[in-house]
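Everything below concerns the one structure shown next.
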Amino acid sequence: MPTSPTTSKPQTHQLIRYAILLYWAIFWLFNMVDKVIGGAHFLWVGRDRFAQFQKYFESVGLDSPHVANVALVVAAALEAFAFLFFASAAAREFQGKREAAHRSALIGTVFTLATFTFFSIGDHWFGDRFELLEHTLFWFVSLASWAAFSQLQPAAEDANVALPRRETLLAAVVGSGLALVTGVAIFQHNTTDFAKRSAAIAAEPVGDHLYKVAFPFLGGSTVFENTLALFKAEHPDETIDHIYTVPDPLRLKKADALIFYIATEDRP
């Protein structure tokens, strides 16, 4: 018979089961929000998934945006189902319905494995080894978390065992402190550095009629446009001959590592 959380203290194994279910529910919730919001915004740093998918498919000759749309819809659907089943499992676990929670968690894990398998196949196809490593690790983490969840069953001899009060209080204090420090750091970063994601960058002279521009973290097209406008205003006696980036072998795969050079000539 399931133990009602209202009649006894939560056991140590029960807290771990709660943590596993809540982790995956929150994980997929934020993944879905990231696809809706996209890009970098105040207090939110995400990625434009449509642009990412479209770039991937263009690299293999599939330029139609409909292909990227279909792939994004499939990925979003898998993530949505994974979230729903893990959220359902967490709710049933809190209600003491262990068998129902077990079934929902199993289905959520299947959707999770399917999602990471889908992404890994794409990573192989597009040759993105960094994403492949990330999705492969998450695939095994999902499998390991399911194994731990299914094996954490109550034992008769520790039916009333709970976390000691001292350790519980210490964990609460440390967790609250970490949350406070993280929150202050996020707000501080957004206060001091958020403007850099759109502000113009002063070009650094590195040679005769040659200037270097290094993008800030998460700088995008707005930074590029504003930088060119600033450069033209600061160098009225020169015209831009061409703009180029460093060779591919010297570049990182992240957009925030972009460095480009502006070559000019004297204005006639």
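Are any of the residues in segment 106-116 under 19 Å from the mean Cα position of the chain (by Cα), modelled with pLDDT of 90 or more and surrounded by fewer than 16 Cβ atoms within 10 Å (Cβ to Cβ)? Taking every residue of segment 106-116 in turn, at least one turns out to be under 19 Å from the mean Cα position of the chain (by Cα), modelled with pLDDT of 90 or more and surrounded by fewer than 16 Cβ atoms within 10 Å (Cβ to Cβ). Of the residues making up segment 48-57, not a single one is modelled with pLDDT of 80 or more, surrounded by 15 or more Cβ atoms within 10 Å (Cβ to Cβ) and either aliphatic (A, V, I, L, M) or under 26 Å from Arg197 (Cα atoms) (or both).
Among the residues of segment 27-42, some residue qualifies, meaning at least one is assigned to a helix (DSSP H, G or I), at pLDDT 80 or above and either at positive phi or among the polar types (S, T, N, Q) (or both).
Surrounded by fewer than 15 Cβ atoms within 10 Å (Cβ to Cβ), out of contact with any strand residue (DSSP E or B) (no Cβ under 6 Å at 6 or more places or on another chain) and modelled with pLDDT of 85 or more: does that describe Ala229? Let's see the steps before the verdict.
Working: surrounded by fewer than 15 Cβ atoms within 10 Å (Cβ to Cβ): yes; out of contact with any strand residue (DSSP E or B) (no Cβ under 6 Å at 6 or more places or on another chain): yes; modelled with pLDDT of 85 or more: yes.
Yes; evaluated as a whole, the condition is true for this residue.
The values are calculated or read from the model by the stated rules, or taken from the named source; none is laboratory data. Please read these numbers as outputs of a predicted model, since none were measured by experiment. Quick reminder, even Gly has a Cβ in these numbers, built from the backbone with ideal geometry, and neighbours come from all protein chains shown.
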